[in-house]
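Some notes on the structure that comes next.
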Amino acid sequence: MQIELNENSRAWQQAVRHYVDTTLIPREVQAESNAGELPPEIMREIQDQALALGLPGMDAPARYGGMGLGMVDQIVAWEALGRATNALCWCFPEAQSWMYQACADSEYQLESYIRPLLEGRRREAYAITEAESGSHEVINSSATHTGSGYLINGEKWFVTSGNLADFFFVQAKTAEGSDALFLVDKDSAGIEVVENPLFSHTFPSHHPTYRFTDVAVPERNRIGGPGSGMDYSRSWFRHERMTIAARMLGAAARMIEEATEWASQRQILEEKLIDKQAIQFMLADSATELWAARLMTFEAASASDRGEDLKAMHNRCSMVKLYVSEMANRVADRAVQIFGGRGYMRENVAERFFRELRVDRIWEGTSEIQRLIIARSLLKRGLDGM
Ligand SMILES: Cc1cc2nc3c(=O)[nH]c(=O)nc-3n(C[C@H](O)[C@H](O)[C@H](O)COP(=O)(O)OP(=O)(O)OC[C@H]3O[C@@H](n4cnc5c(N)ncnc54)[C@H](O)[C@@H]3O)c2cc1C
């Protein structure tokens, strides 16, 4: 089920796959039995290897020291990373290309916030979602102009990696009703953790709720011009929707391979489990859906590299996220079933992905929100314009 890649992309795929197979996967069970955490020295080693591979700068332009990879090569890397639990493969910060566009006019922002991500010296988190609604981009947090800067007030939910980050991208509304994006240091006065809930998955990256009370943010920490805040968040959504899909391709492939291997050696009375057609059908459906998912993801990545129209890309990223996340959840459910009781054990790959992949139908826009985006695109541009 190979996707045609050039020689450089294949070498890159092998390098990331080697990292995943030799460094991440062997530590999954240890992390899972310890709330997703590994001893700090091992975590450091894993992070250093990610840095040496250049993973934090995959999307960062080469002129800023990044790898400047196209979307296809990024998908290649994230697909390989997705074979391991997200508890471990998310061990590095990401300096994404939209950040360089958004902060292009500010040497201060590039040097103090974006370059340290590339070099693995700082970690970021995104604070967009609020209690009232995550689905509809309704931002109630306020940014009040004070002359020398802004005072931010509001509450942000599900701030992924908030516990590990040292700064946030915060979305807030100015008094003029403009959506604005700010770089906010986590140790700023007025930021407090309201709650740090437990979630289904076991990741060292937590998702705390933060309250911002009169948090003073200097003028120079506002990103871009008036009204551009939500545009940057949408760039982030597009990037995340594609990379989430890529990770799920890797997860689904691994589950299909491991379930096939298990069924091939599992003896049920006089027969191998793999000889039962009921099992073969589950594997056949999974492999077929994975193939379709890989084709659409790589085609969307190629379209992005070809410079396809942004609106068409926005729609395609939604289609990819919708289809691949639902496909991977179906594969996880079947894989648990094929493993039987063992598929319900925490040390089993299918059990872990069964829990981990569920959120991929929720975050970065739920499946329902992706369907709304796709339907709107169909109504506006027709099938040929999607
Ligand atoms: C583990 C985790 C990590 C997250 N990390 C981050 C993060 O780092 N930063 C951040 O800003 N946010 C983050 N989020 C928030 C996430 O993006 C939101 O949870 C998600 O967008 C859904 O918003 P909501 O939870 O408010 O659900 P709601 O908006 O309340 O939706 C509830 C349900 O209603 C459905 N629904 C809503 N509107 C419609 C409609 N018009 N038609 C049909 N159905 C509809 C939704 O699909 C959903 O099923 C994270 C969430 C989770 C669970």
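Only the coordinates and a few stated rules stand behind these numbers; no lab work does. As the structure is a prediction and not an experimental result, all values here were calculated from the model. Note: ideal-geometry Cβ built from the backbone for every residue, glycine included; neighbour counts use all protein chains shown.
Taking only pairs that are 8 or more places apart or on different chains, how many Lys pairs in the chain have Cα atoms under 18 angstrom apart?
The result is 4.
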For region 121-127, what does the Karplus curve 6.51 cos²θ - 1.76 cosθ + 1.60, with θ = phi - 60°, yield as ³J(HN,Hα) per residue in whole Hz, taken in order and with x for Gly and Pro?
8, 10, 10, 10, 8, 10, 10
At 222 nm, what helix-only mean residue ellipticity would the chain give, in deg cm²/dmol to the nearest 500, using -39500 (n - 2.57) for each DSSP H run of four or more?
-15000 deg cm²/dmol
What number do you get for region 204-275 when its Cα radius of gyration is normalised by 2.2 N^0.38 Å, N = residues?
2.14
GNM of the chain, Cα pairs under 10 angstrom: of D59, D187, D285, the biggest fluctuation goes to D187
So for R0 = 45 Å, FRET eff. of S188-D333 from the Cβ-Cβ r, to 0.05, ends up at 0.55
The simple spin-label model distance between D285 and S200, using points 7 Å out along Cα→Cβ, in nm, is 1.8
So which GluC sites (Glu not before Pro) in region 86-139 pass both tests, a DSSP loop state and at most 12 other Cβ atoms within 10 Å of the Cβ?
E132
What is the spin-label model distance, in nm, from A131 to E271 if the labels are put 7 Å beyond Cα along the C-beta direction?
5.7
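Ranked by Cβ crowding within 10 angstrom, fewest neighbours first, how are L379, L151 ordered?
Exposure proxy ranking, most exposed first: L379, L151.
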Which listed residue (M313, I256, M282) has the Cα farthest towards the positive end of the charge dipole for region 237-348, taking +1 on Lys and Arg C-beta and -1 on Asp and Glu C-beta about the Cα centre?
M313
Can you put C103, C317 in order of Cβ neighbours within 10 angstrom, beginning with the fewest?
C103, C317
Sorted from fewest to most neighbouring beta carbons within 10 Å, what does the list V170, V215 look like?
V215, V170
Projected onto the charge dipole of the chain (+1 at Lys/Arg Cβ, -1 at Asp/Glu Cβ, origin at the Cα centre), which of S304, S135, I268 gives the Cα projection farthest towards the positive end?
I268
Which part of region 276-306 falls in the paramagnetic zone of A11, meaning amide N under 14 Å from the point 7 Å along Cα-to-beta-carbon?
none
Contact order relative to length for the chain, counting C-alpha pairs under 8 Å separated by 6 or more residues, stands in percent at 15
What are the principal axis extents of the Cα atoms in region 118-215, in Å, biggest first?
42, 32, 23
